[in-house]
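Participant: One structure, as structure tokens, below. Some questions next.
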Amino acid sequence: MKLSSYNFSHPLPPVPGRPTMMISTTIGNTALIQWQPPKDMVGEMMGYQLQYRRQEDTAYTSREFKRTDDHYTATGLHKGATYVFRLSARNRAGIGEAYVKEISTQEDVPSGFPLNLRVTGCVPACVCVCLRACVCVCVCLP
């Protein structure tokens, strides 16, 4: 194909700006991600790209969304972990700057009574209870 057959007089518009994003962790191991389009949208919006990963991981999980989508529920998150979320808008020129946010999921609630309790007398009229996780709780009686 000859170079003269391409039209270079109309360059592509710039990529879109950053969308806004809000993340709510829910009960269990899920997070609800909600977003709004960029304020400085250039060109026709084509959709969104959401990427997320655990902070210590290197590979992102990536999801593509239509321009009419405005939320996603991430499932299977690890409890007590920190996650990095990246949301970008996409137009014909490509993917724009990402809105980046970190969240931490809640720790798991203990599933039962503490195990391996050890009661020791610290000082007269005080009792210390040492839990398995090396946490000591001392109660002093009058």
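The values are calculated or read from the model by the stated rules, or taken from the named source; none is laboratory data. Computed from a predicted structure; not experimentally measured. Cβ sites come from the backbone with ideal geometry, for glycine too, and all protein chains shown count toward neighbours.
Participant: Within the range 43-66, can one find any residue that is within 30 Å of Pro16 (Cβ to Cβ), touching a Pro at 6+ places or on another chain (Cβ under 7 Å), of a type outside the set (Asp, Glu) and at pLDDT below 95? Reasoning before the result, please.
Facilitator: First pass over the range 43-66, keeping only residues within 30 Å of Pro16 (Cβ to Cβ): 43-55, 57-66.
With touching a Pro at 6+ places or on another chain (Cβ under 7 Å) added as a condition, the list becomes 43, 45, 48.
Imposing the further condition that a residue be of a type outside the set (Asp, Glu) reduces the set to 43, 45, 48.
Restricting the remaining residues to those that are at pLDDT below 95 gives 43, 45.
Taking every residue of the range 43-66 in turn, at least one turns out to be within 30 Å of Pro16 (Cβ to Cβ), touching a Pro at 6+ places or on another chain (Cβ under 7 Å), of a type outside the set (Asp, Glu) and at pLDDT below 95.
Participant: Filter the range 50-102 for residues that are β-branched (Val, Ile, Thr) and under 15 Å from Gln36 (Cα atoms); which is nearest to the chain's Cα centre (by Cα)?
Facilitator: Val100
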